[in-house]
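This report refers to the structure that appears directly beneath it.
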Amino acid sequence: MEQTIYWKMDRMEQEHWWFVSRRSIIETVLQSQLRSIGPHSKILDAGCGTGGNLAMLSRLGCEVIGLEMEHDAAEIARSKSGKSVYIGSLPDQVPLADESFDLIVLLDVLEHIEDDIGALNALTGKLKPGGSLLITVPAFSFLWSNHDESHHHKRRYRLHELVGKMQHCNLQPKHASYFNTWLFPVIALVRILHKKLGFMQKSDDLSMPSFFINKLLTYVMSSERHVLKHGKLPFGVSIMAIGQKV
């Protein structure tokens, strides 16, 4: 990512509706779907950025570690979380022992990596037998926008495509669904109209809305956790999938 985006993310990830809602959904799904994760679990946040998810993950396991390729982002993550954050990158530079983690989360990272199959294989190798990998990625190529450009995304996914790549890497899908569904019609309409009119929105989607709008959007998106903890949603702006190492 561009350097300025890391600082912007650090300032907003604790309050911005998208980050808050994603954390809420992930925590709920992990608690309901992965009963094996508990006080003795070792967890890796691969591509942890500035560390906004490390505190949430610490509520689920006894040891949480971050992996980040950008030194500035890693330093921010260490300073605000107190966790160990290693410098490395997927798929070839992961300075962590094989078969050492009960859970790895890869949150909106895979779309940045050219060799996504290689990255999934690398992370599967770091899981203990029976360990789980939770992935979130952006969905549907027709939603491509300036956000994808400014964040240097390589692709957006469909659910069956992501699940197929996980299976190719010896990860048995345990739970997979689209999410950010309630807001999908509005987001899709805005992005399609921008393309039809011949321009991409100038915003990188990380601007903070007003207090009221931010709270409203947080409530709307976070409410999807009640469906996702046991069920699935048929479409959405994003995808979440959990695979178990076989």
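The values are calculated or read from the model by the stated rules, or taken from the named source; none is laboratory data. As the structure is a prediction and not an experimental result, all values here were calculated from the model. Cβ sites come from the backbone with ideal geometry, for glycine too, and all protein chains shown count toward neighbours. To get the accessible areas, we keep the full protein, side chains included, count just its heavy atoms, and leave off ligands, DNA and RNA. Shrake-Rupley method; radii C 1.70, N 1.55, O 1.52, S 1.80 Å.
For ASP45, are the conditions met, namely being in contact (Cβ under 8 Å) with a residue 24 or more places away in the chain, in contact with a helix residue (DSSP H, G or I) (Cβ under 9 Å, 6 or more places away or on another chain) and open to solvent by 10 Å² or more (accessible area, probe 1.4 Å)? Against the criterion (in contact (Cβ under 8 Å) with a residue 24 or more places away in the chain, in contact with a helix residue (DSSP H, G or I) (Cβ under 9 Å, 6 or more places away or on another chain) and open to solvent by 10 Å² or more (accessible area, probe 1.4 Å)), ASP45 does not qualify.
Applying the set (1) within 17 Å of the chain's Cα centre (by Cα); (2) among the small types (Gly, Ala, Ser); (3) at positive phi to ALA55 leaves exactly one unmet item: (3). Within region 76-123, being open to solvent by 20 Å² or more (accessible area, probe 1.4 Å), touching a strand residue (DSSP E or B) at 6+ places or on another chain (Cβ under 8 Å) and part of a helix (DSSP H, G or I) holds for ARG78, SER81. Has region 55-73 got any residue that is crowded, with 22+ Cβ neighbours inside 10 Å and touching a residue at least 60 places away in the same chain (Cβ under 8 Å)? For region 55-73, residues crowded, with 22+ Cβ neighbours inside 10 Å and touching a residue at least 60 places away in the same chain (Cβ under 8 Å): present.
Evaluation of PHE212 against the conditions (1) in a strand (DSSP E or B); (2) loosely packed, with under 15 Cβ neighbours inside 10 Å shows that the sole unmet condition is (1). Picking from residues in region 10-35 that are outside any helix (DSSP H, G or I) and farther than 11 Å from LEU60 by Cβ, the one that is farthest from the chain's Cα centre (by Cα) is ARG35.
Scanning region 11-39 for residues that are open to solvent by 40 Å² or more (accessible area, probe 1.4 Å), touching a residue at least 60 places away in the same chain (Cβ under 8 Å) and under 20 Å from LEU127 (Cα atoms) yields GLN31, GLN33, SER36. Among the conditions (1) basic (Lys, Arg); (2) modelled with pLDDT of 95 or more; (3) part of a helix (DSSP H, G or I), LYS195 misses just one, which is (2). Out of the residues in region 97-108 meeting the condition of being of a type outside the set (Val, Ile, Thr) and closer than 30 Å to TRP18 by Cα, tell me which one is nearest to the chain's Cα centre (by Cα). Among those that are of a type outside the set (Val, Ile, Thr) and closer than 30 Å to TRP18 by Cα, it is LEU107.
Report, by residue number, each residue of region 126-170 that is small (Gly, Ala, Ser) and either surrounded by fewer than 16 Cβ atoms within 10 Å (Cβ to Cβ) or closer than 10 Å to ILE239 by Cα (or both). Matches in region 126-170: GLY130, ALA139, SER141, GLY164.
Inclusion of GLY52 among residues that are touching a strand residue (DSSP E or B) at 6+ places or on another chain (Cβ under 6 Å) and part of a loop (DSSP other than H, G, I, E, B) is not warranted.
Would you mind stating whether ILE5 is β-branched (Val, Ile, Thr), farther than 16 Å from LEU133 by Cα and surrounded by fewer than 18 Cβ atoms within 10 Å (Cβ to Cβ)? Against the criterion (β-branched (Val, Ile, Thr), farther than 16 Å from LEU133 by Cα and surrounded by fewer than 18 Cβ atoms within 10 Å (Cβ to Cβ)), ILE5 qualifies.
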